[in-house]
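> Have a look at the structure that comes next, please.
The values are calculated or read from the model by the stated rules, or taken from the named source; none is laboratory data. Just so it is clear, the model here is predicted, and its values are computed rather than measured. Backbone-built Cβ (ideal geometry, glycine too); neighbour counts: all protein chains shown.
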Amino acid sequence: MRRTISNILIIVFSAIIAFSGYRLYTIFHEYHEGEKQYKETAENYIRKPDPPKTPDAPLPDPLTTCPISVDFESLLAENSDVVGWIYSDGTQINYPVLRGESNESYIHTMINGEYNSAGSIFMDFRNNPDLSDINTILYGHHMKNGSMFASLHQYVHQDYYDEHKYMWYLTPDHIYRLDVLAGYVGDAEAEIYTIFVDQEELDSYLSFAERKSTFTPDHRPEEINGIIALSTCSYEYDDARYVLVCVPVMID
């Protein structure tokens, strides 16, 4: 009897180990495929300027010169849902931004249409793709390998903000510098996930975001007429989100 029970337990534990191993393999395989896809996408459609030809050549102004360019014509030929590209120097954020028919369209779908838990960086489907709304919302997963929008949570540290005070957002028509203004942990059903209708709502929200911010910016524009909010999961409590508030400044 004891031998029978022992054999059953061995079979059960072996099945648990095999299933756990399969799940780990599946997770790491998805991570690998997601990273591979977006690395190839960046290699195919992103260009960085050539270095100065002479040592004494003037360096470009980092606040007015975007460090990348995007071949949107070819990118849109691959997927017409592409509305932009977001880039943060020195981080893994270097991704196309998509906008589907709903916010479920790209939550687990990559730019090539394949399923992957990493999904895509995507714009709220209610937003106009030309950033004409008062608040534009971009979503991305907080992946355990640091990809997608995982690095946003590093803004809980002041020194991280000090090293990453702005990002870049490119569209087929314009280039924007995203000046980072505030970042905080909030609820998944918070006010920011509505589309504001007027300046009063924006001003009220900005007052809230700046009070809650995990860092203090070294500059705040006197007039802010629109923002881009980057949102990812956070794990301080159930359904928590980390929201990074940026002010778009058109460069070109």
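> Do the conditions hold for K165, that is, is it basic (K, R) and touching a residue at least 40 places away in the same chain (Cβ under 8 Å)?
In short, yes.
> Within the range 39-86, track down each residue that is out of contact with any Lys or Arg (no Cβ under 9 Å at 6 or more places or on another chain), surrounded by 10 or more Cβ atoms within 10 Å (Cβ to Cβ) and part of a loop (DSSP other than H, G, I, E, B).
The answer is P49, P52, P60, P62, T65, N79.
> So how many residues does the range 154-167 have that are assigned to a helix (DSSP H, G or I) and either of a type outside the set (S, T, N, Q) or surrounded by 16 or more Cβ atoms within 10 Å (Cβ to Cβ) (or both)?
Matching residues across the range 154-167 total 8.
> Output the number of residues of the range 120-153 satisfying the condition of being among the polar types (S, T, N, Q), in a loop (DSSP other than H, G, I, E, B) and within 19 Å of N225 (Cα to Cα).
The first filter runs over the range 120-153 and keeps only residues among the polar types (S, T, N, Q), leaving 120, 127-128, 132, 135-136, 145, 147, 151.
Okay, now just the ones that are also in a loop (DSSP other than H, G, I, E, B), so 120, 127-128, 132, 145, 147.
Among the residues that remain, those that are also within 19 Å of N225 (Cα to Cα) are: 127-128, 132.
Result for the range 120-153: 3.
> Hey, another quick one. Filter the range 171-230 down to residues that are among the β-branched types (V, I, T) and assigned to a strand (DSSP E or B) and give me whichever is surrounded by the most Cβ atoms within 10 Å (Cβ to Cβ).
Just the residues of the range 171-230 that are among the β-branched types (V, I, T), to begin with: 171, 175, 180, 185, 192, 194-195, 197, 214, 216, 224, 227-228.
Then drop every residue that is not assigned to a strand (DSSP E or B), which leaves 175, 180, 185, 227-228.
Details: I175: 19, V180: 22, V185: 16, I227: 25, I228: 23.
The residue in question is I227.
> If you don't mind, another one. Taking P96 as the residue in question, decide whether it is at pLDDT below 95 and not in a helix (DSSP H, G or I). I'd like the intermediate steps shown before the answer.
Values: at pLDDT below 95: no; not in a helix (DSSP H, G or I): yes.
So P96 does not fit the description; no.
> Within the range 201-252, which residues are within 16 Å of the chain's Cα centre (by Cα) and not aliphatic (A, V, I, L, M)?
Within the range 201-252, S231, T232, C233, S234, R241, Y242, C246, P248 meet the criteria.
> For the range 233-248, which residues satisfy the criterion of being within 11 Å of G186 (Cα to Cα), of a type outside the set (D, E, K, R) and either surrounded by fewer than 22 Cβ atoms within 10 Å (Cβ to Cβ) or modelled with pLDDT under 95 (or both)?
Answer for the range 233-248, where residues must be within 11 Å of G186 (Cα to Cα), of a type outside the set (D, E, K, R) and either surrounded by fewer than 22 Cβ atoms within 10 Å (Cβ to Cβ) or modelled with pLDDT under 95 (or both): C233, S234, Y235, Y237, A240.
> Looking at the range 27-51, I want the residues that are acidic (D, E) and have a partner that is in a helix (DSSP H, G or I) and at pLDDT 80 or above with Cβ atoms under 6 Å, at least 6 apart or on another chain. Which pairs are those?
No pair meets every condition.
> I want to confirm something. Restricting to the range 117-141 and keeping residues that are touching a helix residue (DSSP H, G or I) at 6+ places or on another chain (Cβ under 7 Å) and modelled with pLDDT of 95 or more, which single residue is nearest to G34 (Cα to Cα)?
I137
> Go through (1) more than 18 Å from N128 (Cα to Cα); (2) assigned to a strand (DSSP E or B) one by one and return the number of the condition D238 breaks.
(2)
> Given the conditions (1) over 14 Å from L230 (Cβ atoms); (2) surrounded by fewer than 19 Cβ atoms within 10 Å (Cβ to Cβ); (3) in contact (Cβ under 8 Å) with a residue 24 or more places away in the chain, report the number of the one that Q92 does not fulfil.
Among (1) over 14 Å from L230 (Cβ atoms); (2) surrounded by fewer than 19 Cβ atoms within 10 Å (Cβ to Cβ); (3) in contact (Cβ under 8 Å) with a residue 24 or more places away in the chain, the lone unmet condition for Q92 is (1).
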